[in-house]
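The values are calculated or read from the model by the stated rules, or taken from the named source; none is laboratory data. In this text the structure is predicted, and so the values were computed from the model without any measurement. All Cβ positions, even for glycine, are placed from backbone atoms using ideal geometry, and neighbour counts span all protein chains on display. Heads up: the accessible areas ignore ligands, DNA and RNA and are worked out on the full protein's heavy atoms, side chains in. Shrake-Rupley method; radii C 1.70, N 1.55, O 1.52, S 1.80 Å.
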Amino acid sequence: MSQLYELMPYIVMAVSALASTVAVYLAIVERDLIKAVLYSAIQSTFYALLFYLLMVPDIVLVYVPVSVGLLPAVFIFAIKKTEKYEEVAGIPKIASVIILVLVTVFTLIAGWLLVQSHAITFEIFPSADARALAKWFLNTTLASKEWWIRTFSAMSPEAVTAIVWDYRGLDTYFETSVMYLAIIGALAIARYFDIPKKEYKEESMGMSIIGKTATKILVPMIIVVAISIGLHGHLTPGGGFQGGVTAAVAVSLMIFIFSVYFAVRYFKIYTAILLRIIGLIGIALAATIAILIALATGYHGFIFQNQPKPIASQVGLPYEIGGNLISGTLLMFNTSEFLAVFMGFAILFLLLSIPEESVMEVIRGEIE
Amino acid sequence: MAVEYLAYFIPFYLIAVIMYVVRALKGPTIPDRVLAIDCLGYVLATFLVIFSVYLKSPLIIACAIVLALWIYALDVYMSKYLEKRELGE
Amino acid sequence: MSSMDLNLILTIISYILIGIGAFCQVVAGIGMNRFPNFFVRLHASTICAIGGSFVPIIGCSILALTLEEFGPSRFFLAGAGFVTAIFIVLLAPVGSHLLAKAAYFSKAAVLHPKVADLLEEDIKKGEVRESTV
Amino acid sequence: MIDARSYLFAVTYIAIFVNIAITLYGIFVRPHIIKKIIALSIFGDSTFVWAIIIGFRKAEPYPVIPIMTTWEPTQEYVVKEFVAKAVDPVPPALVLTGVVIGLAVMLFLVFLSIQAYRVFGTLDIRKIIRMRG
């Protein structure tokens, strides 16, 4: 009984990994691109289960909206606007089946050999011990009373958000700027395109009335779930990135179910760019707030400082207000990042959904 | 311990997952595949809830809500694609 | 009635619900593979969504309520489970409807053993328009 | 006799490597640009899974998430048990930003390839090379 109980998560893990291998192979060799997108959707759901069983809920929360909710929409836009087929000689069905069986058998035998080799050289795989760095972060993320641990603490029970925005804050800052540059690049390609000024008509645009009614109920729910994920990022799984991509799916659903002319009533492109800039200013402000306080009061301070450090710097933000844990700057970072990610993807989806005729008019006008 | 007996139910769900995957890979038309992926998503959402009880980690349940929402999104995208109209309208 | 008895009753109810879910999943999986065309397979997907997902998620939430070693976070688990179940029961029929409508009117799904197609006849007569279906 | 859990975990490990190999074939050999982008996204996901697998550990009966269930900063024994069982929090923190940036970069590549289609009229890389001489 107890053995079966311990074995079951690993069985599910291995089965989903093998199923994802089959889906990946078919996604790569498929000639019809829309079928390839569907196979990659199968692969993403299995990867989500893998992430879940590897005990990283933060990644599941960010991976499921991105890979199941947003990437298929992007690829469907691209395929609809360009070509549907890849012009290569397809692999016959029997050859595919043989290759897949061989790959599965290879995986099973190679796993056995790997375990044999580890039985000789190392201890049993995976290791029972965590690395020293991981132990350090886990020990200090929500510190106890000793001042020397409090010095290195982020005062948040969520170790992942603490690492993202406190221990390794500069990394995340530059990664956010990489994302901002990618969005600027896309905006530069679509520089003169604009959404045509058309009225939204209830009866002739969008999908059926049942879908519209359900989506009217659904979109506020998505926004509420996203805000809850985003603002509780320092207490439960979640954070600014997760909440932002969750909310971005609401925009793409509105574009698909109603139309872009309906979505543009609520998300204007220039307003979205403005809100995104506000989010970035919020990140910069949260990064420098400790040093600003230090300059005003005459103490020392650091960039990306969260809690007061007893030896080096006396200033810092409180970790709780009125008994509620807010973990210093983490709440500010999460709010700003939520706004920045949400609005960035909203802009890109609005630009991607411009009808091809109006785009071609702009391009022809530019050439002439 | 009341949770351990869930181990006898999980294999049935796993068999169902494999059958849906077979249909999703085999399905002659695109709607068949999308329907099978739907069912796959629902059984995976069930898996997430069952495993959060089974592994005694209450906080990871938040992922199940998100997965239940996005299966609907994939339906919407594919049916809009099948309707053969401009995607933004 | 003491709380031990109540916990035992709730545990038995939740296990029955999870067992119903496992049965429905297997039945839906067999149906998904054995049914002849897309419109019949919609039936199997309904069994999967309601019988195989909605029912066991409710069962898991009830089971979570009885686990007192979780402390206050068992209410978080049970509440989120109920929210998931409500999302599934709201959204699964809508998704199936959108997919079936698109598949029917775009002729993407072939109706192979065709006995009768009343909707097609009604559209030919002009009694029903496509936009109102 | 080998340990069944270690064997199943090693199978997962190898399967992700096989996925990476197949996607590398897709990126380098397949001619269509959208197919290359799909392969690239799967490649990124596989490397993310692999990074997370490195951070996994063995604990009895199963490891816990790197998030504390208590919000009180003064309980010593809770911290000790948590450190003994939680998985590594560093790879999730790196992968978290990687997924979102990956989506932004994919969107940028899709914008580029749509623009290339508007200019060249095709997305087959062999035809584009022939066109440029």
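Summary table below
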item	result
Listed residue pairs exceeding 32 Å between alpha carbons, taken from B:Lys80/D:Lys127; A:Lys198/C:Lys114; A:Lys84/C:Lys125	A:Lys198/C:Lys114; A:Lys84/C:Lys125
Tilt relative to chain D, helix D:76-85 - C-alpha long axis, 0 to 90 degrees, to 10	50
Ellipticity estimate at 222 nm from DSSP helix runs (n ≥ 4, -39,500 (n - 2.57)) divided over chain A, nearest 500	-22500 deg cm²/dmol
Rounded to the nearest 20 debye, dipole of the protein assembly as shown from Cβ charges on Lys, Arg, Asp, Glu	1480
Cα→Cβ-extended label distance, 7 Å offset, between A:Ser2 and A:Lys198, nm	6.7
Shielded residues, segment D:20-53 - accessible-area loss of 50 Å² or more between chain alone and all protein chains, probe 1.4 Å	D:Ile22, D:Arg30, D:His32, D:Ile34, D:Lys35, D:Ile38, D:Ile42, D:Asp45, D:Val49, D:Ile52
Accessible-area order (highest first, 1.4 angstrom probe) of the listed residues B:Arg33, D:Arg118, B:Arg85, C:Arg129	C:Arg129, B:Arg85, D:Arg118, B:Arg33
Dipole magnitude of segment C:3-132 about its Cα centre (Cβ charges: Lys, Arg +1; Asp, Glu -1), debye to nearest 20	440
Global size of chain A as Cα Rg and Dmax, reported in angstrom	24.9, 77
Helix-only [θ]222 nm of chain D, DSSP H runs n ≥ 4, -39500 (n - 2.57) each, per residue, nearest 500	-24500 deg cm²/dmol
FRET E, pair A:Ile311, A:Ile184, Förster distance 30 Å, beta-carbon r, rounded to 0.05	0.15
Chain A: DSSP helices with Cα axial extent of at least 20 Å and average Kyte-Doolittle hydropathy no lower than 0.5	A:2-29, A:33-53, A:93-121, A:169-189, A:209-231, A:240-257, A:269-297, A:330-352
Kirkwood Rh in Å, taken over chain D so that all alpha-carbon pairs contribute	18.4
Assigned charges on the beta-carbon of Lys, Arg, Asp, Glu; segment D:4-132 dipole about Cα centre (debye)	1020
Heavy-atom accessible area order for A:Glu30, A:Glu357, C:Glu121, A:Glu158, largest first, 1.4 Å probe	A:Glu357, C:Glu121, A:Glu30, A:Glu158
Space enclosed by the convex hull of the alpha-carbon atoms of segment A:1-128, per residue, Å³	142
Chains C and B together, accessible area buried on both sides, 1.4 angstrom probe, square angstrom	4200
Under the Debye formula (equal points on every Cα, no solvent term), log10 I(q)/I(0) of segment A:132-225 at q = 0.11, 0.13, 0.19, 0.23 Å⁻¹	-0.70, -0.79, -0.97, -1.08
Chain A: relative contact order as a whole-number percent, Cα under 8 Å and 6+ apart	17
Where labels lie 7 Å past Cα in the beta-carbon direction, separation of D:Glu60 and C:Leu6 in nm	3.6
Size of the A/B contact, given as accessible area buried on both chains, probe 1.4 Å, in Å²	5400
Size of the protein assembly as shown as Cα extents on the principal axes (Å, biggest first)	80, 64, 57
Interface residues in segment D:86-102 - accessible area drops by 40 Å² or more relative to the isolated chain, probe 1.4 Å	D:Asp88, D:Pro89, D:Val90, D:Pro92, D:Ala93, D:Leu96, D:Thr97, D:Val99, D:Val100, D:Ile101
Cα long-axis angle, helix D:33-54 against chain D (0 to 90 degrees, to the nearest 10)	20
Pairwise label distance in nanometres, A:Ala296 with A:Leu108, each label 7 Å out on the Cα-Cβ vector	6.7
A:Trp136 accessible area, assembled protein chains, probe 1.4 Å, Å²	100
Protein accessible area in the protein assembly as shown, 1.4 Å probe - carbon and sulfur %	69
Per residue accessible area of segment C:3-132, 1.4 Å probe, in Å²	49
Degrees, to the nearest 10: C:73-105 long Cα axis against longest axis of chain C	10
Compactness of segment B:24-84 as Cα Rg over 2.2 N^0.38 Å, two decimals	1.35
